[in-house]
Amino acid sequence: MSEASNQHVVIAECRDGQLRRVSLEAIAAARGCMADGDRLAVVLLGPGGAESDAAAGLLARSGPDEVIVVDHPVLGRYAPDTHLAAALEAARALTPEARRWWLGHTAIGRDLAPRLAARLGAGQISDAIGAARGGDGRIGFARALHAGKALERRAFLNNGPAVVTVRPNNFAPAAETAGPPAPIRRVPFAPPPSRIFVRDVVRRTSGTVDLAEARIIVAGGRGAKSSAGFAPLAELAALLGGAVGASRGACDAGYCDYALQIGQTGKTVTPDLYIACGISGAVQHLAGMSRSRVIVAINKDPDAPIFGVADYGIVGDLFEVVPALIAELSATR
């Protein structure tokens, strides 16, 4: 297959019936790496119904050449073997054959991508924060290493199949196009017998905003002193339309659930605004948030390491500073 006839494919993802922003970011990343003559398809795996139709319509207006919908009730909950089979069914329906697969670096994307790469005999790059086509036609990818202190550059050596996951909040999402929407094609799917049965799903989240995709995060550390100390942080996050996060120290102390943990052994986030409240700034925590675009640190200790990476620092008691911020925001809205 010539370089000019490559097919890029984005596997879109929904959460609670809503299309995830990172799927639109993956579409933008793929479009930015396409050569003349390349095609872009978007695959939506879901249970069907009005919510799937709405997501497919939104995807069709984001600039692909076509949207392929594989829907079946069993796809309402993620199961590795079932979703892999559905993705492979979509692959068989693609013309030309897919060469580049793009997914969000989410819990589902991190699980599905290596399975898909193994079945396709493809290379894989995970957690890309940058992607661009070079003058030689190769697509180069950037990954953050060592708490964001270093960048790793990678590229695939040939034009064989490849699977890439992109980190949320590192690419501008694809905007709605002015032209007619792309055609939507449904592919029949008969799920194979599964060895995995999902009985129930228990979610522990930071609220209505997914932590990995949040544009604004208010995070608390041991300085919050208790689970009750996270209440003003949650109030501030709600006013800003953001999510609540935490350091490992706060999670270990029982102040909040480990689902909120940000850091080397937790989630990696890259929001537009990160407000660190009562967080000292251990290197393990910095590994998960140091690439935030703007960092505001609130800490009583003027020598806290967090001030070394902060764009703005407030030396003070979070239980005085945060309520003052809440009062000011409430007064101006």
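When Met289, Met34 are arranged by Cβ crowding within 10 Å, least crowded first, meaning fewest neighbours, the order is Met34, Met289.
Out of all DSSP beta bridges with both ends in segment 115-220, state the antiparallel percent to the nearest 5.
Numbers: 10 of 14 bridges.
The antiparallel proportion sits near 70 percent.
Net charge near Trp101: determine it from the other residues with C-beta under 12 Å of the C-beta of Trp101, scoring Lys and Arg +1 and Asp and Glu -1. Net charge in that neighbourhood comes out at +3.
Using every Cα-Cα pair within segment 3-186, state what percent have a distance larger than 20 Å.
49
Shape summary of segment 218-277, radius of gyration then Dmax from alpha carbon positions: 10.4, 28 Å. Only helices enter this figure: runs of n ≥ 4 DSSP H residues, each worth -39500 (n - 2.57), summed and divided by the residues of the chain, yield -8000 deg cm²/dmol at 222 nm to the nearest 500.
Per the Cauchy relation, a quarter of the hull surface: what is the mean projected area of the convex hull of the alpha carbons in segment 211-332, in nm²? Working shown, then result.
Working: hull surface 25.2 nm².
With the hull built on Cα positions only, its mean projection is 6.3 nm².
Computed over every Cα-Cα pair of segment 1-84 and binned at 10 Å starting from 0, the pair-distance distribution P(r) comes out as 18, 48, 27, 7 percent.
The C-alpha atoms of the chain define a longest principal axis, and helix 107-120 lies at about 30 degrees to it. If you average the alpha carbon positions of segment 1-55 and of segment 276-295, how far apart do those two centres end up, in angstrom? Cα centres, segment 1-55 to segment 276-295: 32 Å.
Amide H contacts for Val69 (H built 1.01 Å from N in the peptide plane; partners 5 or more residues away or on another chain; cut-off under 5 Å): Leu44, Arg185, Arg186, Val187. Distance between the pseudo-spin-label points of Asp200 and Asn159 (7 Å out from Cα toward the beta carbon): 5.3 nm.
How large is log10 of I(q)/I(0) for the chain at q = 0.06, 0.13 Å⁻¹ when the intensity is taken from the Debye formula with one equal scatterer per alpha-carbon? After summing over all Cα pairs, the log10 values are -0.24, -0.99. For the chain, the longest principal axis of the C-alpha atoms and the axis of helix 21-32 are separated by about 60°.
Rounded, prolate or oblate: which fits segment 178-261, taking a ≥ b ≥ c as square roots of the Cα gyration tensor eigenvalues, rounded meaning a/c under 1.5, else prolate when a/b beats b/c? Each step should come with its number before you reach the end.
Details: a/c = 4.18, a/b = 1.68, b/c = 2.49.
Because a/c hits 1.5 or more and a/b fails to exceed b/c, segment 178-261 counts as oblate.
Could you tell me which trypsin sites (Lys or Arg not before Pro) in segment 124-198 are loop residues by DSSP with no more than 16 other beta carbons within 10 angstrom of their beta carbon? Working shown, then result.
On the way: sites: Arg133, Arg138, Arg143, Lys149, Arg153, Arg154, Arg185, Arg186, Arg195; in loops: Arg138, Lys149, Arg195.
Answer by residue number: Arg138, Lys149, Arg195.
May I ask you to compute the full-extension gain from Gln18 to Ala259, defined as 0.36 nm times their residue separation minus their alpha-carbon distance, rounded to one decimal in nm?
Separation in residues times 0.36 nm, less the Cα-Cα distance, equals 84.7 nm.
As a rough footprinting exposure proxy, the listed residues Leu103, Leu145 were ranked by other beta carbons within 10 Å of their own, and the order from fewest upward is Leu145, Leu103.
3J(HN,Hα) along segment 83-97, derived from phi through the Karplus expression 6.51 cos²θ - 1.76 cosθ + 1.60 where θ = phi - 60°, amounts to 5, 5, 4, 5, 5, 5, 5, 5, 4, 5, 8, 8, 9, x, 4 Hz, with x in place of Gly and Pro.
Highest mobility in the GNM of the chain, judged by mean-square fluctuation with C-alpha springs under 10 Å and restricted to Val22, Val69, Val315, is found for Val315.
Using only Cα atoms, locate the centre of segment 118-174 and the centre of segment 95-117, then give the distance between them in Å, rounded to an integer. So the two Cα centres are separated by 12 Å.
Bear in mind that the values in this text are calculations on the coordinates, not laboratory data. Just so we're clear, the structure is a prediction, and the values are computed from it rather than from any experiment. A quick note on method: Cβ atoms are made from the backbone with ideal geometry, for glycine too, and the neighbour counts reach across all protein chains shown.
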